[in-house]
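The values are calculated or read from the model by the stated rules, or taken from the named source; none is laboratory data. This structure is a prediction, so every number in the text was calculated from the model and none was measured. Here Cβ is always computed from backbone atoms with ideal geometry, including for glycine, and neighbour counts include all displayed protein chains.
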Amino acid sequence: MLATTVFTLVSQSRVLPKYRSALVMSSMVTFIAGYHYFRIFNSFNESSKMGGVTIGTAQGSFNEAYRYVDWILTVPLLLVEVIAVLALAKAAANSLITRLVPASAAMIILGYPGEISSNTGTKVLYGILSTLPFLYILYVLFVELTKSLDRQPDGVAATIGRLRLLLIATWGVYPISYLIPILVKNPSASQMASLFTDRQIGYTIADVLAKCVFGLTIYKIAKMKSVAEGMKDDH
Amino acid sequence: MTNLRYGGYLLVAMGFINMRYQTGHQNSAVHSLSIIIPGALLLLATFIKPTQKFLEIKNVKVVAGIAVVALVAYSFIN
């Protein structure tokens, strides 16, 4: 995460000034996520006692709310990055942002009650509720955004298409990880520990893909557009 | 201006993550709010015209930038 932060920061001179804000946003997303992981490691250390991890909301326990605080602050920025790198007309950009940002916040907020619940029904209910804004985000990205891609340089529209697929693929890992705890009925203590670990690994992989790979793709688009608009490709 | 806006947002974000981590610790509110409040004020200032003009002064920009870096460092050590 921090390596991507450094890369996107030092690469700013390789793109035209109008695309630099997208790279700065990408740097912020990976830096905030890197800081979040730094704190998550601290929390794991504090909550690990005698080979186990205490999970809950009390002091010294590992709390999944960490991830949700990170996501609610970074996921809307990820979507704004996409709009920023396209450098659309102000009205079109504002229209997309005002729809994508609240939908992404709603998706995360609705996921949290299910995340902390041990009841399968509650998990499924909030899983479905948080999927609704996710579907709306996909609609905006695949239907509404497509209308704005006509005037993009050659290759950019295809890369945006791949970026959207990357988004579906990586964001698809989150619900799988979210549902891992309900895959085994009446798990034993060791199974519960294993399920917890699997979920953390799933979320971590998804975070790296959704933030680092996504950010690097944004850089690629910014670079392609800069070259298409006359910037010398000397890097 | 945009960079200062991002700096403000960064402090708010790191402050909230810090607050979550500090939950239950002594003086947790003081530690985390000392990151969140300057971040929120900076973020707000970048949207208000009179304060925007103030932030455009070169020395103010430098001081604000140093403050952001210092608070980011503080969020790692507290």
The listed residue being under 25 Å from A:Thr8 (Cα atoms), hydroxyl-bearing (Ser, Thr, Tyr) and in contact with a helix residue (DSSP H, G or I) (Cβ under 7 Å, 6 or more places away or on another chain), out of A:Thr217, A:Thr204: A:Thr217
Any chance you could count how many residues in region A:135-175 are acidic (Asp, Glu) and either surrounded by 14 or more Cβ atoms within 10 Å (Cβ to Cβ) or within 21 Å of the chain's Cα centre (by Cα) (or both)? 1
Counting only residues that are outside any helix (DSSP H, G or I) and within 14 Å of chain A (Cβ to nearest Cβ), how many does region B:50-78 have? 1
Look through A:Leu141, A:Leu135, A:Leu96 and report the one residue that is within 18 Å of A:Ile176 (Cβ to Cβ), hydrophobic (A, V, I, L, M, F, W, C) and either modelled with pLDDT of 90 or more or in contact with a helix residue (DSSP H, G or I) (Cβ under 8 Å, 6 or more places away or on another chain) (or both). A:Leu135
Flag for A:Ser48 being within 10 Å of chain B (Cβ to nearest Cβ) and not aliphatic (A, V, I, L, M): no
Yes or no: B:Ala29 more than 9 Å from every other protein chain (Cβ to nearest Cβ) and either farther than 20 Å from A:Tyr37 by Cβ or surrounded by 13 or more Cβ atoms within 10 Å (Cβ to Cβ) (or both)? yes
Within region A:43-69, which residues are of a type in the set (Asp, Glu) and without any contact (Cβ under 8 Å) to a residue 40 or more places away in the chain? A:Glu46
So, A:Ala106, is that one surrounded by fewer than 16 Cβ atoms within 10 Å (Cβ to Cβ), assigned to a helix (DSSP H, G or I), more than 14 Å from chain B (Cβ to nearest Cβ) and not charged (D, E, K, R) or not? no
Is it true that A:Ser190 is surrounded by fewer than 18 Cβ atoms within 10 Å (Cβ to Cβ) and among the polar types (S, T, N, Q)? yes
